[in-house]
1. Could you put E71, E147 in order of accessible surface area, largest first, with the 1.4 Å probe and the full protein assembly present?
2. Put a dot 7 Å past each Cα toward the Cβ at L171 and E91; how far apart are the dots in nm?
3. Below 8 Å between Cα atoms, with a sequence gap of 6+, how large is the relative contact order for the chain in percent?
4. How large is the Kirkwood hydrodynamic radius of region 32-72, counting all unique pairs of alpha carbons, in Å?
5. Return the FRET efficiency for the residue pair Q74, D126: r is the Cβ-Cβ distance, R0 is 25 Å, and the value is rounded to the nearest 0.05.
6. Using a cut-off of 12 Å between alpha-carbon atoms, which aspartates and glutamates can reach K164, once sequence neighbours fewer than 8 places away in the same chain are excluded?
7. So for S116, S157, S138, S149, what's the accessible-area order with a 1.4 Å probe, most first?
8. Which value, in nm² and rounded to one decimal, describes the direction-averaged projected area of the C-alpha convex hull of the chain?
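The values are calculated or read from the model by the stated rules, or taken from the named source; none is laboratory data. Fair warning: this is a prediction, and the values are worked out from it, not measured in the lab. Methodologically, a virtual Cβ is constructed for each residue, glycine included, from the backbone with ideal geometry; neighbour enumeration extends over all protein chains shown. Note: areas computed on protein heavy atoms with side chains; ligands, DNA, RNA excluded. Shrake-Rupley method; radii C 1.70, N 1.55, O 1.52, S 1.80 Å.
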Amino acid sequence: MNRITNLNDISLFLCERYMPKVEVAVDITLGNGLDVEKFLPYIGCKLIAIDIQQEAIDNARNRLAKTVPAEQLQKVEFVHDTHTNIDKYVEKADLIFGNLGYLPNSNHKIMTRPESTLICLGKALDILNVNGLLSVVSYLGQDRGKEHSIIKSFFESLDPRQFKVIDINPLNQDEMAPTLFLCQKVDETRE
């Protein structure tokens, strides 16, 4: 059953609606590959999938090999590195997405951290093409909401002439329900 609280589905829907053509995309937190599986049919040329854990890359490769046609899977470039190095692997992208936190069913001590996530998001906005989208799912329950709070402040501080940001937060859910931040690079300073 589809539910309106599935933030990754909402993100994909909005990306499809506002970005009819995505050539290059980046998943900054590959995890088990669920987001890549959803977004991949929508990507034209290349999807760079970054994760700091080899276990995540192995899990994602195995999952995608079973669920995605081989010609689609050829678009994926798996990168074993921290998301702070996003700029080493891509110069420009139409879509950048990430699901913060930790790898499900794994060591919960290995998780995204506010400091490294801020570096990644800053670089992601530089890499993002005009009209491109940055989609980030953040969790209030992780690290007592510290990363979420810092990420929210980061998005709130962006110049509205260059970036449009929405915050989608399920209201009648658990207070620790995840939030979707969707940021579009616009550059109205040229007008």
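1. E71, E147
2. Between E91 and L171, the simple spin-label model gives 4.6 nm.
3. On the way: 342 pairs, mean separation 37.0, N = 191.
RCO, the chain: 19 percent.
4. Details: mean 1/r = 0.0949 Å⁻¹.
Its Kirkwood hydrodynamic radius stands at 10.5 Å.
5. Efficiency, from the Cβ-Cβ distance: 0.35.
6. Filter leaves E156, D187, E188.
7. Working: S116 30, S157 90, S138 0, S149 65 Å².
Descending order: S157, S149, S116, S138.
8. Values: hull surface 43.6 nm².
Reported value for the Cα convex hull: 10.9 nm².
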